[in-house]
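Worksheet: the structure to be examined is printed underneath.
The values are calculated or read from the model by the stated rules, or taken from the named source; none is laboratory data. Since this is a predicted model, take the numbers as computed values, not measurements. Don't worry about glycine lacking a Cβ; one is built from the backbone with ideal geometry, like all the others, and counts go over all protein chains shown. When the accessible area is computed, the model is the full protein with side chains, heavy atoms only, and any ligands, DNA or RNA have been set aside. Shrake-Rupley method; radii C 1.70, N 1.55, O 1.52, S 1.80 Å.
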Amino acid sequence: MLVGCPPCSPFSRLQQMSWNKRGPEDYEAMVQEGLAHHRFVYELYELQKSAGRYFVHETPDHTWSLQTDFAQDLIGQEDVHKISGDATCACTA
């Protein structure tokens, strides 16, 4: 079982409130780093799935990272199930 909990800072709705306090270069760098990390994690999920193993991706349900093409490709697969809970709490360390 692979559990992925990528950093949510670049995609968090709460973080959006302070984006105007950062320079555009800082924001863009944070988003690009977050997207690169997410792509890597989704590649690991594909490896897990192709080997017949399971994965869990823990993230807030309405984060825009779930709208990326690589997330939608994985979520749209017949043997992948998206389950929504009340709140994320697994990655609070």
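For region 45-81, which positions are of a type in the set (A, V, I, L, M, F, W, C) and farther than 21 Å from residue 9 by Cα?
47, 51, 55, 74, 75, 80
Hey, which of the helices (runs of 4 or more DSSP H) in region 7-93, taking only ones fully inside, have at least 2 residues that are polar (S, T, N, Q)?
Of the helices (runs of 4 or more DSSP H) lying wholly inside region 7-93, those with at least 2 residues that are polar (S, T, N, Q) span 13-16, 24-50.
Can you tell which of 33, 58 is touching a Cys at 6+ places or on another chain (Cβ under 9 Å) and either charged (D, E, K, R) or open to solvent by 50 Å² or more (accessible area, probe 1.4 Å) (or both)?
Exactly one residue qualifies, and that residue is 58.
Answer with yes or no whether residue 11 is closer than 18 Å to residue 81 by Cβ, open to solvent by less than 60 Å² (accessible area, probe 1.4 Å), of a type outside the set (Asp, Glu) and under 15 Å from the mean Cα position of the chain (by Cα).
It is false that residue 11 is closer than 18 Å to residue 81 by Cβ, open to solvent by less than 60 Å² (accessible area, probe 1.4 Å), of a type outside the set (Asp, Glu) and under 15 Å from the mean Cα position of the chain (by Cα).
Going by what's in this entry, would residue 41 be described as in contact with a strand residue (DSSP E or B) (Cβ under 7 Å, 6 or more places away or on another chain), touching a residue at least 12 places away in the same chain (Cβ under 8 Å) and surrounded by fewer than 14 Cβ atoms within 10 Å (Cβ to Cβ)?
So residue 41 fails the test.
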